[in-house]
Every structure is written in structure tokens, then in C-alpha cells.
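Following: one structure in C-alpha cells, then a few remarks.
The values are calculated or read from the model by the stated rules, or taken from the named source; none is laboratory data. If you're wondering where the values come from, they're calculated on a predicted model, not measured in any experiment. Glycine gets a Cβ as well: all are built from the backbone with ideal geometry, and neighbour counts include every protein chain shown. All accessible areas refer to the heavy atoms of the entire protein, side chains included, with ligands and DNA or RNA removed. Shrake-Rupley method; radii C 1.70, N 1.55, O 1.52, S 1.80 Å.
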Amino acid sequence: EDLNAYYDRSNLKFFYLTHEKIGTIYTCDSPDVVAHELGHAVLDFYRPDMWSAASLEVAAFHEAFGDFVAMMKNLSHEEVCKYAIQQTGGDFSKENVVSNLAEQMGKAIFKLAPNSGRNPNCLRCAINNFKYVNPGTLPEEAPDNKLAAECHSFARIYVGALYDIFVMMYNDVKSTGVDDIAAIHEARDTIMRYVMKAIQFAPLNVYFFESMSRTILWADVTLNNWKYHNKMQQIFFNRNLLTPQVRLLSAPTCENEDCVVNMVETMSLKLGDNLLRAQSDDN
């Protein structure tokens, strides 16, 4: 009995809570909650090294990926897509059934804690203005409308960035003259390919949000010939997930799809000098 759900590497576990203010809530009734927990399992399958990594950003990305899977699950149902279009008039920058996750559970928590700063409509919303800051500068707890150094709270930065990318792709496809449903499908499939490729290859480090962002850009280069690279890069810049890098004026030009620059330097060495130096070294 608890208002909770989690994945523990062997099971997806769901609970229930009965309270006079909310009646009885079964967390397994929410497809968003189920998909979120399944997302943890999917990511754990691809990247078991992330499960016990001692980094808040890695733990936060685990939560962000769960929310991402829940949103993509919503977009796999035609009736949900049509309802979201009806809600927003085709403007997915407005809150809708896809961006708002676990509505029933979120509304229940709001009734139990109305002064918590929570969104009254859902557990988490992918539409937000959170920007990356060093998590070491954040408090461990904060109202729900502020960031905290806690994985679910901090995850909202990356959830917001992924949703921004989906909306950008959707608008781009729709501008070619296709209908809303077809635009949703293409944007959904494209971002799914990028994220699924990136989770397999992103280097694991304490700055994992930046690592994932750079790998998603690489995925666009390799899978889609730079189609959305610059627009996604700007979204990451806007969220402070990446910082613009100044290029050296003399930097060589990269002309291959792997973005690898081969540099060759020719040097003249006297073997005798190097032998003497090696012999006089302690090591």
C-alpha cells in the first residue's frame, strides 16, 4: 500500500493507496506509469552500467528516459494523437494528453498536498522552462515548480529538451504540407531512432546530460545527414545542456560523415639523443 511504482531489475512493481480525499488509486491503472517503469527496464537492458553509476545526472536521465518512453507510447495510439490535436489545435507547445504524464496520480497527489507547488493536472509535464545548472548548487528538496538535486526533479530538464525536439520535428514535417497525424508519426519515429541509438553509444560520465546531447546530435549526422542537427543543437543551447564552442581559426575542415579529422605531423628525430634520454630516465 503506497502511492508509488518502481522497477528493481527483476520486476515492475505497482502499488495502491486509499484515502478519503482521493478514493483508491492503483498506480498500475496508469499506462503512463507502466510505460515509465518499463522504460527503466529497457534502458537497463541496453545500459546496465548506468544502474549503479554514482552520478545524479545518470540517475536523472534514467527518469527522463522513462518519461520519454511514456510519451512515445502515447503517440503510438491513433486515438490519443487525434485527441491531442483536438486539445491543442495542432499546436503541441500547449499542454496536452501527451505532454502531461500520469494525470490521475498527479491530481491525487495535488489533492493530498495542495501547497506543494505541483502541477494540478499531472504528475509531470514535459512542457517546462527548466535549464541545466550544476546540480551541486541545488537544494536536495524544493517545491515541485523549482529544480532540486533529486533525480525525478532534475530529470525534467532533459524531458523538456526531448519534448522540444519532438515539437520542432513535428512542426518541420507539417510545414511540408502533410497532415497532422502523418507529421506526428514521422517526428515520433525520428526522435525515437535518435534516442535509441544515443543511449547505446553515449559515454558514461558525471556530465551525462551533455554526453547524451552530443550523442543525439551525432545520431542525426549518421542517420539523417544533418537534417535536424542545427535546430537540435539550438534547443540544447537554450536549455544550457551544451555550450557553444569557439573553433580555432586554423582548425582543419572535417569532410567525412564520421566527423573525424586526420592530422599528420612530420618530425625529424635523432635516435642517439632519444636513447641517451631513455637510459638516464628513472622510468
- Message: Please determine whether any residue of segment 184-199 is of a type outside the set (D, E, K, R), free of Cβ contacts under 8 Å to residues at least 40 places away in the same chain, open to solvent by 60 Å² or more (accessible area, probe 1.4 Å) and closer than 21 Å to Asn230 by Cβ.
- Response: no
- Please go through segment 131-177 and pick out each residue that is touching a Lys or Arg at 6+ places or on another chain (Cβ under 9 Å), open to solvent by 40 Å² or more (accessible area, probe 1.4 Å), of a type outside the set (D, E, K, R) and under 17 Å from Glu210 (Cα atoms). Tyr132
- Got a sec? Which strands (runs of 3 or more DSSP E) wholly within segment 2-110 have at least 1 residues that are in contact with a Cys (Cβ under 9 Å, 6 or more places away or on another chain) and either of a type outside the set (A, V, I, L, M, F, W, C) or crowded, with 16+ Cβ neighbours inside 10 Å (or both)? 5-7, 12-14, 16-19
- Got at least one residue in segment 205-222 being buried (at least 20 other Cβ atoms within 10 Å of the Cβ), assigned to a helix (DSSP H, G or I), charged (D, E, K, R) and out of contact with any strand residue (DSSP E or B) (no Cβ under 7 Å at 6 or more places or on another chain)? yes
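Residue under question is Ala126, and the condition is that it be open to solvent by less than 40 Å² (accessible area, probe 1.4 Å), in contact (Cβ under 8 Å) with a residue 12 or more places away in the chain, at positive phi and under 21 Å from the mean Cα position of the chain (by Cα); does it hold? Break it down into steps so the answer makes sense when it comes.
Values: open to solvent by less than 40 Å² (accessible area, probe 1.4 Å): yes; in contact (Cβ under 8 Å) with a residue 12 or more places away in the chain: yes; at positive phi: no; under 21 Å from the mean Cα position of the chain (by Cα): yes.
The answer is no for Ala126.
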- Task: Return the total of residues in segment 129-147 being without any contact (Cβ under 8 Å) to a residue 40 or more places away in the chain and out of contact with any Phe, Trp or Tyr (no Cβ under 7 Å at 6 or more places or on another chain).
- Result: 13
- Within segment 218-263, residues among the acidic types (Asp, Glu), at pLDDT below 95 and under 23 Å from Arg193 (Cβ atoms) come out as Glu257, Asp258
